[in-house]
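Working notes for the structure below.
Quick note: the coordinates plus some simple rules give every number you see, no bench work behind them. Because the structure is predicted, anything quoted here is derived from the model rather than measured. Counting neighbours? That spans all protein chains shown, and the Cβs are built from the backbone with ideal geometry, glycine included.
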């Protein structure tokens with residue numbers, strides 16, 4: 001299950017970006033980024049989800065970090081491009097239960113610990129028109145990102161027995177819309193696809209992302225109304 005990608009849209013040295021998002025599946029995400037210079041930034045992201053149902057339990061944890069280049073350009077420096085690379089680590093627990101006439105027949109517990117590397121390109125531009133609500137204007141920002149990740153199992157157990165490890169390469173095109181409530185705070189809606197480039201039995205592409213959240217940016221180039 002992919003996390004909400006970190007798209008801080010940094011614009012200048014000293015800027016901090018932080019965000020929190022929740023998907024329709026209940027996958028909670030946090031993102032943080034800081035501009036160490038006018039063109040170099042660092043990232044930190046994490047995700048957690050726990051779901052318990054009669055026939056299936058699912059829990060996963062993920063943390064990742066990265067660094068890369070950003071640049072603000074255009075007439076008002078309101079267009080931003082970013083390129084980041086990073087690493088991550090996570091684990092997943094899945095429990096499957098098979099019932100017949102409400103009688104539990106079997107249980108399968110899958111445990112996976114994995115590592116990942118990723119490369120990501122982000123682009124955002126402020127739209128000239130505004131969103132009108134209750135007599136107020138809220139500027140909209142539209143952005144896109146493309147992330148490619150290699151994920152490989154470090155541990156794979158089924159009912160405590162070691163299994164053959166798998167890996168995969170995932171391609172994720174991401175689209176997001178931000179509504180600016182103030183100079184620092186924006187609401188964000190994110191949608192994406194998720195495609196596994198290798199044919200695997202277990203390490204396959206999970207759900208696409210549909211999430212809502214909030215993003216704060218402190219410092220950086222001020223955007224004009």
Segment 183-220 residues near the modelled residue 169 label - backbone nitrogen below 19 Å, point 7 Å along Cα→Cβ: 193-206
What three numbers, in Å, describe the spread of the alpha carbons of segment 1-98 along their principal axes, ordered from the longest? 60, 23, 17
Which of 163, 120, 188 ends up with the largest GNM mean-square fluctuation for the chain, with Cα atoms connected below 10 Å? 163
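Quick one: what do you get for the chain if you divide its Cα Rg by 2.2 N^0.38 Å? Could you put the intermediate results ahead of the total?
Details: Rg = 19.7 Å, N = 225, 2.2 N^0.38 = 17.2 Å.
Dividing the Cα radius of gyration by 2.2 N^0.38 Å gives 1.15.
Quick one: 169, 209, fewest Cβ neighbours within 10 Å first, how do they rank?
Numbers: 169 14, 209 25.
Lowest to highest Cβ neighbour count: 169, 209.
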Candidates 78, 130, 98; GNM for the chain (alpha-carbon contacts under 10 Å) flags as most fluctuating 98
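Report the calculated FRET efficiency for residue 98 and residue 71 (r = Cβ-Cβ distance, R0 = 41 Å), to the nearest 0.05.
On the way: r = 54 Å, r/R0 = 1.32.
My answer for the efficiency is 0.15.
Just round it to a whole percent: the fraction of Cα-Cα distances in segment 166-225 exceeding 14 Å.
Details: 1144 of 1770 pairs.
Here the long-distance tail beyond 14 Å is 65 percent of all Cα pairs in segment 166-225.
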For the pair residue 55/residue 187, report the inter-label distance in nm, with labels modelled 7 Å from Cα in the Cβ direction. 3.6 nm
